[in-house]
1. Mind listing whichever residues of the range 31-50 are assigned to a loop (DSSP other than H, G, I, E, B) and either surrounded by 10 or more Cβ atoms within 10 Å (Cβ to Cβ) or in contact (Cβ under 8 Å) with a residue 24 or more places away in the chain (or both)?
2. It is to be established whether one or more residues within the range 57-65 are assigned to a loop (DSSP other than H, G, I, E, B) and modelled with pLDDT of 90 or more.
3. Quick check, is Glu28 open to solvent by 60 Å² or more (accessible area, probe 1.4 Å), within 16 Å of the chain's Cα centre (by Cα) and either modelled with pLDDT of 85 or more or among the charged types (D, E, K, R) (or both)?
4. Of Leu9, Leu17, which residue is in contact (Cβ under 8 Å) with a residue 12 or more places away in the chain and either among the β-branched types (Val, Ile, Thr) or outside any loop (DSSP other than H, G, I, E, B) (or both)?
5. Go through (1) at positive phi; (2) part of a helix (DSSP H, G or I) for Gly24 and report which single condition fails.
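The values are calculated or read from the model by the stated rules, or taken from the named source; none is laboratory data. Here the structure is a predicted model, which means the values were calculated and not measured. All Cβ positions, glycine included, derive from the backbone under ideal geometry; neighbour counts span all protein chains shown. Surface accessibility is based on the protein's heavy atoms, side chains included, excluding ligands, DNA and RNA. Shrake-Rupley method; radii C 1.70, N 1.55, O 1.52, S 1.80 Å.
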Amino acid sequence: MPFISRADLADATSAVLLDDGRAGRTYELTGSAAVGFQDVADAVSRRTGREIAYRSIPTAAFQDGLTQAG
């Protein structure tokens, strides 16, 4: 999954909304590299000097957790 910053999204969105020549066109906004959540956890770990663990959970378990949380 390519991650992208909110600032980059805001810049791209404002450019599209303010330029009449872009009406009706489709844009796919993504980051420069496809990275997974484990990659992000590893990068944060390196940057902070603290171990950040990523644990993948099945979709059903995630949905159950959200339901239980309300």
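1. Result: Gly31, Ser32, Ala33, Val35, Gly36.
2. The initial filter retains those residues of the range 57-65 that are assigned to a loop (DSSP other than H, G, I, E, B), namely 57-58.
Filter once more, so that each one left must be modelled with pLDDT of 90 or more: 57-58.
For the range 57-65, residues assigned to a loop (DSSP other than H, G, I, E, B) and modelled with pLDDT of 90 or more: present.
3. yes
4. Selected residue: Leu9, the only one of Leu9, Leu17 that is in contact (Cβ under 8 Å) with a residue 12 or more places away in the chain and either among the β-branched types (Val, Ile, Thr) or outside any loop (DSSP other than H, G, I, E, B) (or both).
5. (2)
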